[in-house]
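Colleague: Can you read through this structure? Questions will come right after.
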Amino acid sequence: MRPRHFFLALVLTAEAAAQTYKPKQIRLEGADGLDKADILRTLNLKEGTAMSKTEIETALQRLADSGAFTDVSYTVNDSTLIITLKPAEGAQALPVRFSNFVWWQPAELEALVEKRVPLFHGKLPLTGELTKEVIAALSALVAEKGVPDAKISAGLSTSEGSGNGVSSLALTITSPQIILGDIKLLGAAPNVRSQLDVVSSKLAGQEFDSVESAAAIRNSIADAHKNAGYLDAAVDAPEFGAPHLDMLSYEVDASVLVHPGELYHVSSLDLNVPPPVTSEEAARVTGLRVGQAAGAMDFKIAAESLARAYASHGFLETHITAASDHNKANHTVAYRFSIDPGVLDHVTSINGSALSLEQRQTFAEQFQGKPGAPADAAMVQEILRVLHAMHAEKSIHISQHLNRKTHTVEILLEPVKQP
């Protein structure tokens, strides 16, 4: 936003007539909480020195172009230059996040930039030239660290818990590439090491971001422990080392302290299985048993496996409520599953209209199922049998449309789309 209108009130002295003024003081209005010295440095106007109308308006235009203010105006007489400002706030200015400037702590870097850009104090407007000035200052600081010609971009950023709203303006080094290096784990549970090696290898080499990389490390390591049964696992904030050059990119190694806590075990398992699934089938598909480690992912998969078991019998709308009671005193978990199978779903038709005439004829000749039959595993197997006989299991895609009001299913056979 670039205000263009400056208002001039003149006291008609000889100096005013000549359009040159020498105000004894410069007064700022509407700038409460702002540093007057910073604004005057940007204006490059000094009290007690001669200045022309053109010089004043050029200085104020420079202030307006920064984007830090939504309105700038002034009046002048033979003793005082009064500058009225309306700072950009709220949605017009966002806090800055330094995403991968790994040579400094954020507060340290903010202070260094403030010394070079007087109007910058941790926030940037969404329009104007101030962001360019900050980027130029950052480029100079990075160059002083031995990284010349670094490219820096600014982009809107969201943070965890902010929903879809923009929470900050992220300033990021896009060249050279800054990536996550080795991750050193301290205190991790020994029986989770193999899973953590996989986690570390997946994270290493990803683009580094001080916030996102830290969250990814903590969440991944905590999840690996909880999936192994360490349900109280906690992970400290990672500590990042100094960047080191590796070929054409800079790597940032991390070390992180893990607090696994105690290993939890399953104390009881209440499946409460209604037909047509049997208790034996439910126990087999869930894979859960009393005494085993109470892995968080095992519990989630068990509920999904139960739903698939009922679907194989034609109950596609089964509702499963899974609950777990944690006993922190003896580190056990009791699992409960409440199952509502719903209504048996039936197949109304098999729609192969998207297939060629020859494919439709061949399918109709070989298919032995009947419309109105349950939409169960037997129906799926029959369709797969026919497609296999047609040598079309890879060229024909199967999908289904479930009508929850009528509890019926239309099965669609369509050619596989070529990439």
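The values are calculated or read from the model by the stated rules, or taken from the named source; none is laboratory data. Since the model is a prediction, treat every value here as computed from it, not as a measurement. Neighbour counts are summed over all protein chains in view; Cβ atoms, including those assigned to glycine, are modelled from backbone coordinates with ideal geometry.
Colleague: Within 23 Å of the chain's Cα centre (by Cα) and over 26 Å from Ser168 (Cβ atoms): which single residue out of His265, His225, His259, His244 fits that description?
Modeller: His225
Colleague: Filter region 365-384 down to residues that are touching a residue at least 12 places away in the same chain (Cβ under 8 Å), over 13 Å from Ile411 (Cβ atoms) and outside any loop (DSSP other than H, G, I, E, B), then give me how many there are.
Modeller: Qualifying residue count for the region: 2.
Colleague: Just to be sure before I move on: is Ala329 out of contact with any strand residue (DSSP E or B) (no Cβ under 9 Å at 6 or more places or on another chain), outside the structural domain of Lys394 (by TED's automatic domain parsing) and not in a helix (DSSP H, G or I) in the structure I sent?
Modeller: The answer is yes for Ala329.
Colleague: I need the full set of residues from region 348-364 which are of a type in the set (A, V, I, L, M, F, W, C) and either in a helix (DSSP H, G or I) or within 25 Å of Val285 (Cα to Cα) (or both), in order please. Please lay out each step first, then the result.
Modeller: Of the residues in region 348-364, the ones of a type in the set (A, V, I, L, M, F, W, C) are 350, 354-355, 357, 363-364.
Scanning region 348-364 gives Leu357, Phe363, Ala364.
Colleague: Among the listed residues Leu63, Leu28, identify the single one that is crowded, with 16+ Cβ neighbours inside 10 Å and under 23 Å from Val134 (Cα atoms).
Modeller: Values: Leu28 fails: under 23 Å from Val134 (Cα atoms).
None of the others qualify; the one that does is Leu63.
Colleague: Now a separate question. List every residue pair whose Cβ atoms lie under 7 Å apart, where the two residues are 6 or more positions apart in sequence or sit on different chains, the first residue falls within region 233-251 and is in contact (Cβ under 8 Å) with a residue 12 or more places away in the chain and within 18 Å of Gly146 (Cβ to Cβ), and the second residue, located anywhere, is surrounded by fewer than 19 Cβ atoms within 10 Å (Cβ to Cβ) and of a type in the set (S, T, N, Q).
Modeller: Ser249/Gln177
Colleague: A further question follows. Just to verify a result, which residue in region 223-234, among those that are surrounded by fewer than 18 Cβ atoms within 10 Å (Cβ to Cβ) and in contact with a strand residue (DSSP E or B) (Cβ under 9 Å, 6 or more places away or on another chain), is farthest from Tyr264 (Cα to Cα)?
Modeller: Ala234
Colleague: Of the conditions (1) assigned by TED's automatic domain parsing to the domain that holds Leu169; (2) out of contact with any Gly (no Cβ under 7 Å at 6 or more places or on another chain); (3) modelled with pLDDT under 85; (4) not polar (S, T, N, Q), Asp35 fails just one. Which one is it?
Modeller: Asp35 satisfies all of (1) assigned by TED's automatic domain parsing to the domain that holds Leu169; (2) out of contact with any Gly (no Cβ under 7 Å at 6 or more places or on another chain); (3) modelled with pLDDT under 85; (4) not polar (S, T, N, Q) except (1).
Colleague: Ok, one more. Give region 330-360 a look and list any residue that's surrounded by fewer than 14 Cβ atoms within 10 Å (Cβ to Cβ) and more than 22 Å from Val409 (Cα to Cα), or say none.
Modeller: Asn330, Ser338, Ser356, Leu357, Glu358
Colleague: For region 134-159, how many residues are in contact with a helix residue (DSSP H, G or I) (Cβ under 7 Å, 6 or more places away or on another chain) and closer than 23 Å to Leu248 by Cβ?
Modeller: Residues meeting the conditions: 4.
Colleague: Separate question: Go through region 27-84 and give me each residue that's hydrophobic (A, V, I, L, M, F, W, C) and part of a loop (DSSP other than H, G, I, E, B).
Modeller: Going through region 27-84, the residues hydrophobic (A, V, I, L, M, F, W, C) turn out to be 28, 31, 34, 37, 39-40, 43, 45, 50-51, 56, 59-60, 63-64, 68-69, 72, 76, 81-83.
Within region 27-84, Ala31, Leu34, Leu45, Ala50, Ala68 qualify.
Colleague: Here's another thing I want to ask about it. So, restricting to strands (runs of 3 or more DSSP E) that lie completely within region 103-185, which ones have at least 1 residues that are surrounded by fewer than 14 Cβ atoms within 10 Å (Cβ to Cβ) and more than 22 Å from the chain's Cα centre (by Cα)?
Modeller: Answer list for region 103-185: 151-157.
Colleague: With more than 24 Å from Ala329 (Cβ to Cβ), touching a Phe, Trp or Tyr at 6+ places or on another chain (Cβ under 7 Å), surrounded by 13 or more Cβ atoms within 10 Å (Cβ to Cβ) and among the hydrophobic types (A, V, I, L, M, F, W, C) as the only criterion, which of Val266, Val252, Val273 stands out?
Modeller: Val252
Colleague: Further question on the same structure: Please work out which residue is modelled with the lowest pLDDT, limiting yourself to region 85-102 and to residues that are under 26 Å from the mean Cα position of the chain (by Cα) and assigned to a loop (DSSP other than H, G, I, E, B).
Modeller: Looking at the filtered set, the residue picked out is Glu89.
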